[in-house]
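*Asks:* If you scroll down you'll find the structure; I have some questions about it.
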Amino acid sequence: MTAMIAPVAVIAWRWRTALGADIEAAVTRMLAGESGAIANPEPAYRVRAIAPIAGAPPRTRHDRFVRRLGAFAIDAATQVAAGLAPDLRLGLYSAVGGLRAHWDDMLAAFVRQRDDGIDAWALGLREIHPFWMLRHLSNNVHALLAADLGARGDGATYGGASAGAQAIAAAAWALHAGAIDTAIVVAHDSLLEPETLVELGERDQGQLPGEAAAALVLVRPDDPRARDRLASVAAFAGAGAPTGDAMRGAIDAFSAMGPIDLVDGDHALPAATARTAIAAAFGEIGAVTPLVQTIALAGILKRTRARVALGLAAGEPDLITAIRIEVPA
Amino acid sequence: MIDWAAEPAATLPAMRFRSPVDTAARAVRRALGLRGPTTINVSACAAGALAVAEAASLVARGARAVVCGGADSMVNPLGIGGMARLGAPSPRAAPDACRPFDRDRDGLAIGEGAAMFIVEDLASARARGARPLAAITGWGATQDAYRATAPRPDGSAAAAAIARALTRAGLAPEAIGYVNAHGTGTPLNDPAECCALATVFGAHVAKLPVSSIKGAIGHLMAAAGAIELAACVLALTESLLPGTAHLRHRDPACDVDVIGPSPRRAYVEHTLSNSFGFGGQNASVILRRMP
């Protein structure tokens, strides 16, 4: 367990969420009990409420190659990385959901397909946009961001519901190993695509599907820039049922680092698990959850005497994440 | 989002287009009853190599054993069609479609496959009676930060990944006895990779055997780095360096010692495997022969 955990300092952050891009305002709204949920405008789905990011991302030269959430991620990461030197000491770690198909822009090419896949090209695939593969490539946002930001150092793209925690953990270890001096961690995910909404509607467990993008800049704790840190974060990405040993192991490991004042869970956790209002406010946001928890929990901690928070999340299938956030005194 | 209301009766066919990225990881986890941390690397064609490198890093930090590797297939209408539209595959429908380092190369051949490893602390492996096949001694990763669809032509970021792997392994460039190249057989990749090799290895590159197995098995995309590490393991255990299938006329722009179609018998101590992902994610991994 300890092999996965290495705290690092967060020196910048940005997000795009259902409660807006202004972090202070969003935390204030969250603490006031507000939510980014809106009534689902599409009656074909049985999901009653969704938490979308309002509006469209700003236009960029990458518009032909990225989809909406990727554009939000590029926007957030570009802002968070302002002023960072582009070189081999700058790492980039990306997280994409990927457990969901995200084929929403391609379903028109799928609906006439045969079950056996015969004549798939003639039955619709030929109508798909020539750039579809770039748009859907798992590391496309990563590649474009690396070029834009000049991030030539260590890096990787992670997938799945725990990808945000994987990316933070990998960045932390690259920093501690001295492979890089600065890490940008960026994540984007959305549960607001047709197949996921249909599936969630059939389950009818009251989940609030949402979407978000977020970015962090991380440095080593002994880096001079860490003196002005916003928070310290350590992340764990595990597997197993959220009530099982995997989650307990992460909690134990973080508890060993000192007292925990506040715990945030998400809707996928059992009702008995302690939780704050983050998932209710921002919706289920998959791979972005650990990043949004980092920012939101730090925002809560700064308004209280509490110093340390634990953020837990569970995503399908059997992926769990845990992060420990500590704010400066 | 799709205008679902315009297709009120539409349902997706039973044929599944969904591609959960952790399908293989989940299956392995369940089959083996694994309960530890799980990482799902989706760094395009560098994913398999990065997964193994991350496993080695975990073991170096104290993990006892890690199951790692890669699995991928784009041999389906969507994958083949999409890659064709990007112009990456060879346009020729021939068994020798992929010819890495050949002057007449014109693209890759899409493949599919998987390779998995147990990466384990050496003492732990020996204590349970396992026969270690090779040691992972070095790894390095960088990013081209260049273009989404083309490698950096001077290979400088790829060279930095190789250099980092050598540094981690504590090796001089001359210690490497074989390079399993990324060697996609595309017009842009191969000369850029040779530039990277020349940058790192200098004069040694003239007598450094290099080959690509993609001419034989195709490009396994996310699994490529894993299966090419397996080729390096076999090069060490069998003292036989794999050849470069379908190589007839080496491209003068690829001025390295490319092994031809036939394998070359050689005893080497250290191998280097390169995986340079679409979008410019570079990974290099060094293996050492076990005594």
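*Asks:* ³J(HN,Hα) across the stretch B:140-154 via Karplus (A = 6.51, B = -1.76, C = 1.60, θ = phi - 60°), whole Hz, x for Gly/Pro?
*Replies:* x, 9, 8, 10, 4, 6, 10, 9, 6, 10, 8, x, 5, x, 7
*Asks:* Accessible area drop of at least 30 Å² (1.4 Å probe, protein heavy atoms): which residues of the stretch B:37-53 qualify, relative to the chain alone?
*Replies:* Residues shielded by partner chains are B:37, B:38, B:39, B:40, B:42.
*Asks:* Further, regarding this structure: Using amide H atoms built 1.01 Å from N in the peptide plane, name the residues 5+ places from residue A:319, or on other chains, whose amide H lies under 5 Å from its own.
*Replies:* Residues meeting the amide H criterion: A:240.
*Asks:* Nearest 5 percent is fine: what portion of the DSSP beta bridges confined to the stretch B:70-289 is antiparallel?
*Replies:* Details: 24 of 34 bridges.
Restricted to the stretch B:70-289, the bridges split so that about 70 percent are antiparallel.
*Asks:* Take the alpha carbon gyration tensor of chain B, find the square roots of its eigenvalues, order them as a ≥ b ≥ c, and report rounded if a/c is under 1.5; if not, report prolate when a/b exceeds b/c, else oblate.
*Replies:* Working: a/c = 1.83, a/b = 1.15, b/c = 1.59.
It is oblate, given that a/c is not under 1.5 and a/b is not larger than b/c.
*Asks:* Using 0.36 nm per residue of separation minus the Cα-Cα distance, give me the extension gain between residue A:82 and residue A:277 in nm, one decimal. Intermediate results must be reported in sequence, preceding the final value.
*Replies:* On the way: separation 195, 0.36 × 195 = 70.20 nm, distance 3.07 nm.
Going from the current span to full extension adds 67.1 nm.
*Asks:* A further question follows. Counting Lys +1, Arg +1, Asp -1, Glu -1, what net charge surrounds residue B:256 among other residues with beta carbon under 12 Å of its beta carbon? Please report the intermediate quantities before stating the final value.
*Replies:* Details: positive: B:207, B:250; negative: B:190, B:193, B:251, B:255, B:257.
Here the charged neighbours net out to -3.
*Asks:* Shifting gears a bit: Return the percentage of antiparallel bridges among DSSP beta bridges fully within chain A, rounded to the nearest 5 %.
*Replies:* On the way: 37 of 54 bridges.
Around 70 percent of the beta bridges assigned by DSSP in chain A are antiparallel ones.
*Asks:* What do you get for the angle between helix A:140-149 and the principal long axis of chain A? Use alpha-carbon atoms, 0 to 90 degrees, nearest ten.
*Replies:* Once rounded, the angle reads 50 degrees.
*Asks:* Place the peptides A:232-239, B:73-80, B:99-106 in order of packing, highest mean first, counting for every residue the other Cβ atoms within 10 Å and averaging per peptide. It would help to have the intermediate numbers written out before the result.
*Replies:* Numbers: A:232-239: 26.4, B:73-80: 17.1, B:99-106: 22.0.
Descending packing order for the listed peptides: A:232-239, B:99-106, B:73-80.
*Asks:* What's the carbon and sulfur percent of chain A's accessible surface, probe 1.4 angstrom, rounded to a whole number? All intermediate terms of the calculation are to be shown ahead of the outcome.
*Replies:* On the way: 6230 of 11770 Å².
For chain A, the apolar C and S fraction of the accessible surface comes to 53 percent.
*Asks:* I've got another one for you. Would you mind checking the tilt of helix A:289-301 against the longest principal axis of the Cα atoms of chain A, expressed as 0 to 90 degrees and rounded to 10?
*Replies:* It is inclined by approximately 40 degrees.
*Asks:* Would you compute, from DSSP H runs of 4+ residues alone, the mean residue ellipticity of chain A at 222 nm, taking -39500 (n - 2.57) per run and dividing by the full residue count, rounded to the nearest 500?
*Replies:* Here the helix-only value at 222 nm equals -8500 deg cm²/dmol.
*Asks:* Starting with the highest mean, order A:150-160, A:319-329 by the number of other Cβ atoms within 10 Å, averaged over the residues of each peptide.
*Replies:* Details: A:150-160: 29.6, A:319-329: 24.0.
With the highest mean Cβ count within 10 Å placed first, the list reads A:150-160, A:319-329.
*Asks:* Let me ask something else about it. I need to check one value: relative contact order of the stretch B:70-289, counting alpha carbon pairs closer than 8 Å and at least 6 residues apart, in percent.
*Replies:* Values: 533 pairs, mean separation 66.1, N = 220.
That works out to 30 percent.
*Asks:* Sticking with this structure for a sec: Please sort through the DSSP H helices of chain B and keep those with an alpha-carbon extent of at least 15 Å along the long axis and a Kyte-Doolittle average not below 0.5. Working shown, then result.
*Replies:* Numbers: long enough: B:47-60 (19 Å, 1.71); B:156-169 (20 Å, 0.87); B:189-201 (18 Å, 0.65); B:224-238 (21 Å, 1.57).
Going by DSSP H runs, the hits are B:47-60, B:156-169, B:189-201, B:224-238.
*Asks:* Would you please give the FRET efficiency between residue B:121 and residue B:239, computed as 1/(1 + (r/R0)^6) with r the Cβ-Cβ distance and R0 = 22 Å, to the nearest 0.05? Don't jump to the answer; show the numbers that get you there.
*Replies:* Values: r = 26 Å, r/R0 = 1.19.
About 0.25, to the nearest 0.05.
*Asks:* So for chain A, considering every pair of alpha-carbon atoms, how many percent are separated by more than 38 Å?
*Replies:* Values: 6457 of 53956 pairs.
Everything past 38 Å amounts to 12 percent.
*Asks:* Given a 1.4 Å probe, how much area per residue of the stretch B:70-289 is accessible, in Å²?
*Replies:* Details: 8220 Å² over 220 residues.
Dividing the accessible area of the stretch B:70-289 by its residue count gives 37 Å².
*Asks:* Still on this model: Per residue, how many Å² of accessible area does the stretch A:9-326 show with a 1.4 Å probe? Kindly include the intermediate steps, with their values, before the conclusion.
*Replies:* On the way: 11290 Å² over 318 residues.
Computed with neighbouring chains in place, this is 36 Å² per residue.
*Asks:* In peptide A:85-96, what is the residue-averaged number of other protein chain Cβ atoms found within 10 Å of each Cβ?
*Replies:* Working: counts 0, 1, 1, 9, 0, 2, 3, 3, 1, 3, 2, 2.
If you average over the peptide's residues, the count of other-chain Cβ atoms is 2.
*Asks:* If you take each beta carbon of peptide B:59-67 and count the beta carbons of other chains within 10 angstrom, what is the mean?
*Replies:* On the way: counts 1, 2, 8, 4, 4, 1, 0, 1, 0.
Shielding by partners across B:59-67 averages 2.
*Asks:* Given an 8 Å cut-off on Cα distances and at least 6 residues of separation, report the relative contact order of the stretch A:24-138 as a percent.
*Replies:* Computed over the stretch A:24-138, the figure is 20 percent.
*Asks:* Continuing with this model, one more query. Other chains near A:128-137: what is the mean number of their Cβ atoms within 10 Å of each residue's Cβ? Spell out each step's value before the answer.
*Replies:* Values: counts 4, 2, 6, 4, 5, 12, 7, 1, 3, 9.
Counting other chains' Cβ atoms within 10 Å and averaging over A:128-137 gives 5.
*Asks:* Moving to a separate point now. Nearest 100 Å² is fine: what is the total accessible surface buried where chains B and A meet, probe 1.4 Å?
*Replies:* Working: alone 14580 and 14420 Å², together 23500 Å².
So the total buried area for this chain pair works out to about 5500 Å².
*Asks:* Let me have the 222 nm mean residue ellipticity of chain B computed from DSSP H runs of 4+ only, each contributing -39500 (n - 2.57), with the sum over all residues rounded to the nearest 500.
*Replies:* Mean residue ellipticity at 222 nm (helix-derived): -9000 deg cm²/dmol.
*Asks:* How long are the three semi-axes of the equivalent ellipsoid for the protein assembly as shown, computed from the Cα gyration tensor as the root of 5 times each eigenvalue, in whole Å, largest first? Mind dumping the intermediate values first?
*Replies:* Details: eigenvalues 300, 169, 93 Å².
Each semi-axis is the square root of five times an eigenvalue, giving 39, 29, 22 Å.
*Asks:* Still on this structure, I have one more. With both bridge residues required to lie in the protein assembly as shown, what share of the DSSP beta bridges run antiparallel, to the nearest 5%? Please report the intermediate quantities before stating the final value.
*Replies:* Working: 67 of 94 bridges.
In the protein assembly as shown, approximately 70 percent of DSSP beta bridges are antiparallel ones.
*Asks:* Would you mind calculating the relative contact order of chain A from Cα pairs under 8 angstrom and at least 6 residues apart, reporting the percent as a whole number? Can you show the working numbers first?
*Replies:* Details: 766 pairs, mean separation 88.4, N = 329.
Reported as a whole number, the value is 27 percent.
*Asks:* For an R0 of 41 angstrom, estimate the FRET efficiency from the Cβ-Cβ distance between residue B:75 and residue A:228 and round to the nearest 0.05.
*Replies:* On the way: r = 51 Å, r/R0 = 1.25.
My answer for the efficiency is 0.20.
*Asks:* Quick one: go through the stretch B:218-250 and flag any residue whose amide nitrogen is under 20 Å from the point 7 Å out along the Cα-to-Cβ line of residue B:265.
*Replies:* B:232-244
*Asks:* How would you order B:179-191, A:5-17 from highest to lowest mean count of nearby Cβ atoms within 10 Å?
*Replies:* Those peptides, ordered most packed to least, come out B:179-191, A:5-17.
The values are calculated or read from the model by the stated rules, or taken from the named source; none is laboratory data. All figures in this text were calculated on a predicted structure; none of them were measured in a lab. Methodologically, a virtual Cβ is constructed for each residue, glycine included, from the backbone with ideal geometry; neighbour enumeration extends over all protein chains shown. Accessible surface areas use protein heavy atoms only, side chains included; no ligands, DNA or RNA. Shrake-Rupley method; radii C 1.70, N 1.55, O 1.52, S 1.80 Å.
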